[in-house]
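The values are calculated or read from the model by the stated rules, or taken from the named source; none is laboratory data. Bear in mind the structure is a predicted one, so any value in this text is a computation, not a measurement. Here the Cβ positions follow ideal geometry from the backbone for every residue, glycine too, while neighbour counts run over all protein chains shown.
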Amino acid sequence: MQARHSIFRTGFVHLALIAYTLISLFPVFLTIINSFKDRNAIFRAPLTVPTPQTFSLIGYQTVLGQGDFATYFQNSFIVTIVAIALVLLFGAMAAFALSEYRFRGNTLMGLYLAIGIMIPIRLGTVAILQGMVAANLVNTLTALILVYTAQGLPLAVFILSEFMRTVSDDLKNAGRIDGLSEYSIFFRLVLPLIRPAMATVAVFTMIPIWNDLWFPLILAPAETTKTVTLGSQIFIGQFVTNWNAVLAALSLAILPVLVLYVIFSRQLIRGITAGAVK
Amino acid sequence: MGSLQLKSIRKAYGSHEVLKGIDLEVKDGEFVIFVGPSGCGKSTLLRTIAGLEDATSGSVQIDGVEVGHVAPAKRGIAMVFQSYALYPHLTVKDNMGLGLKQAGKPKVEIEDKVGKAANMLSLDPYLARRPAELSGGQRQRVAIGRAIVREPKLFLFDEPLSNLDAALRVNTRLEIARLHRSLKATMIYVTHDQVEAMTLADKIVVLNAGQIEQIGSPMDLYNRPANVFVAGFIGSPQMNFIDGARLGDTRAKTIGIRPEHIGLSRENGDWKGKVVHVEHLGADTIVYIESDQVGLITVRLFGEHRYAPDDIVHATPMVGSMHRFGADDRILA
């Protein structure tokens, strides 16, 4: 009885998951198949896979032939990676301080840092732009990195401080008795133990940054600092849109973020199983 | 080398006072145990000695040197935690050697000391393993090894046996006792288990609600408890407390008699009563008796005895076994 019930239930769960996977993957699938077709085929039969007659690499040729796309990818990559690194570093440090030390205003500080989750950073766009102009940072990747770091920190501090509280006090105290400095306790004892949480935060931080169009458009629209998302927009005109190129550019843009995701999710799984065995 | 003086240590969290003025002297080589119910402040006191907590006021001296503002690593102490607190990503060897490595000791010396400690605790086969690959008992031995390697003036143990099962607890207890004899080091040990306290300690410090109730050797505490709290805390089953007035004693408010100091007979005796419950433990038989004169009392008989509930029995306290406590709960001279 119990077994049948559980088969039924897991079957249902899997059905729901499969349905969800299909729904979320369908647009990606559509983008990818159409990026390999010629223009007529895209419009005549958008839902069919490319056949020998309709197969065409014209989109990829346009994108890669433009030459600048390598720079766009590089820009996106630099911005995303550096912003993630800064978010993880400062987020974890702030979370450690909030969860480990008792000081006046601790709770208030935690709340202040968490408020950022609720207020979208885009509300401050004008002020940010004015600040960047004053600091001479417009059209630099630094501007984007700073904004994205600020954008990612609240959630990072929130998630990581919860996880830090679960790290045993005895372990940290043992480190103190063995003569580790507070920095070594943080980097060598605490960080390795909350690696799964770090991976989660990295994934949550990475996707909005990679996909963002708003801040690149406003803060760094110059040719040398364009990101992939912004770069793809050149194929979308007011009257004519080069769909082959747009779809090819989008398909290419999926790849790096997919690689990053695989790296982080590996950490995630490793962390989970390590906990389970212990 | 390794004496400790505590002078009027107080510790408060906000308005809540956890330690209310602790004075204590520990001599070199002594094995001192802090014992008391949970929440009595014994762990806080240990952490204050270690420097993991700062005392609100008072002074801590190790070997006559004030260490109130010295970092834990520089106090010459080593600590063993209840949860082992091993570094999960380091091997047993690195776990044990980390303290020395941090102190900048040469590699050869670290190898040598870790080797000796591992030998002492028979941990040699496990040196290359990580803590996750060890059993609970082995982990606690590694934690003890980590303490030995540092060659501290003072060993601090924070309920080290609480996470072990009963059989391992006895083994590890013996191991710690053996270690104390061979290292001749000063050890301070916190536990809520009075059996550990009685078996290991040279000197027991009984704490209650942030204050020291009594300091003495295990047999001192058993034979001459200073007050009702210590009398009730040391000894198992607990001492019987009888209202002084019921025994016609006008000076004593409470009279205490240990269960093992009461004889039982079916024919005659001082207090007649009915057996309520009997526990047969093999070596002991514990008999609970409801008597008209003194209320519910516990009697511990050695060996096997065939008493059953509802039997009528007569209990007689042994001569000179009564502890008389005054109105302030302290022992009467």
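The figures follow:
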quantity	calculated
Helices (runs of 4 or more DSSP H) contained in region B:159-276 and holding at least 1 residues at pLDDT below 90, surrounded by 18 or more Cβ atoms within 10 Å (Cβ to Cβ) and touching a strand residue (DSSP E or B) at 6+ places or on another chain (Cβ under 8 Å)	B:194-200
Residue match in region B:95-117 (condition: under 25 Å from B:LEU161 (Cβ atoms), more than 8 Å from chain A (Cβ to nearest Cβ), of a type outside the set (S, T, N, Q) and out of contact with any Lys or Arg (no Cβ under 9 Å at 6 or more places or on another chain))	yes
Test for B:ILE77: is it within 18 Å of B:TYR189 (Cα to Cα) and within 14 Å of chain A (Cβ to nearest Cβ)	yes
Hits in region A:106-128 (condition: farther than 19 Å from A:ALA202 by Cα, within 23 Å of the chain's Cα centre (by Cα) and surrounded by 13 or more Cβ atoms within 10 Å (Cβ to Cβ))	A:ARG122, A:GLY124, A:THR125, A:ILE128
Candidate set: region A:24-49, residues that are small (Gly, Ala, Ser) and part of a helix (DSSP H, G or I); chosen: the one farthest from A:ASN242 (Cα to Cα)	A:SER24
Residue match in region B:148-158 (condition: farther than 20 Å from B:ASP28 by Cα, of a type outside the set (Asp, Glu) and crowded, with 18+ Cβ neighbours inside 10 Å)	no
Region B:275-319: number of residues that are of a type in the set (D, E, K, R) and under 17 Å from B:ARG246 (Cβ atoms)	2
Unmet criterion (only one of (1) over 18 Å from A:LEU268 (Cβ atoms); (2) in contact (Cβ under 8 Å) with a residue 24 or more places away in the chain; (3) part of a helix (DSSP H, G or I)) for A:MET164	(1)
B:SER83 vs. criteria polar (S, T, N, Q), within 11 Å of another protein chain (Cβ to nearest Cβ) and surrounded by fewer than 20 Cβ atoms within 10 Å (Cβ to Cβ)	yes
Subset tally (residues that are at the interface with chain A (Cβ under 8 Å from one of its Cβ atoms) and either charged (D, E, K, R) or surrounded by 17 or more Cβ atoms within 10 Å (Cβ to Cβ) (or both)) for region B:58-73	2
Matching residues in region B:131-143 - criterion: being away from every other protein chain (no Cβ under 12 Å) and buried (at least 24 other Cβ atoms within 10 Å of the Cβ)	B:GLN140, B:ARG141
Residue check, A:PHE77 among the hydrophobic types (A, V, I, L, M, F, W, C) and under 24 Å from A:PHE264 (Cβ atoms)	yes
All positions within region A:150-171 that are within 14 Å of chain B (Cβ to nearest Cβ) and either in contact with an Asp or Glu (Cβ under 7 Å, 6 or more places away or on another chain) or of a type outside the set (D, E, K, R) (or both)	A:THR166, A:VAL167, A:SER168, A:LEU171
Among the residues listed as B:VAL67, B:VAL114, the single one being assigned by TED's automatic domain parsing to the domain that holds B:ARG181 and in contact with a strand residue (DSSP E or B) (Cβ under 7 Å, 6 or more places away or on another chain)	B:VAL67
Yes/no for B:ALA55 being under 17 Å from B:ASP158 (Cα atoms) and surrounded by 19 or more Cβ atoms within 10 Å (Cβ to Cβ)	no
Test: residue in region A:12-26 that is at pLDDT below 90 and among the aliphatic types (A, V, I, L, M)	no
Check on A:TRP210, touching a residue at least 24 places away in the same chain (Cβ under 8 Å), surrounded by fewer than 18 Cβ atoms within 10 Å (Cβ to Cβ) and away from chain B (no Cβ under 14 Å)	no
Residues of region A:177-187 that turn out to be within 11 Å of chain B (Cβ to nearest Cβ), surrounded by 19 or more Cβ atoms within 10 Å (Cβ to Cβ) and out of contact with any strand residue (DSSP E or B) (no Cβ under 8 Å at 6 or more places or on another chain), as a count	4
Flag if B:ARG47 is in contact with a strand residue (DSSP E or B) (Cβ under 9 Å, 6 or more places away or on another chain) and part of a helix (DSSP H, G or I)	yes
Subset of region B:104-115 [free of Cβ contacts under 8 Å to residues at least 12 places away in the same chain and either closer than 21 Å to B:PHE81 by Cβ or not acidic (Asp, Glu) (or both)]	B:GLY104, B:LYS105, B:PRO106, B:LYS107, B:VAL108, B:GLY115
Which listed residue is within 14 Å of chain B (Cβ to nearest Cβ), part of a helix (DSSP H, G or I) and of a type in the set (A, V, I, L, M), from A:VAL201, A:VAL147, A:VAL190	A:VAL190
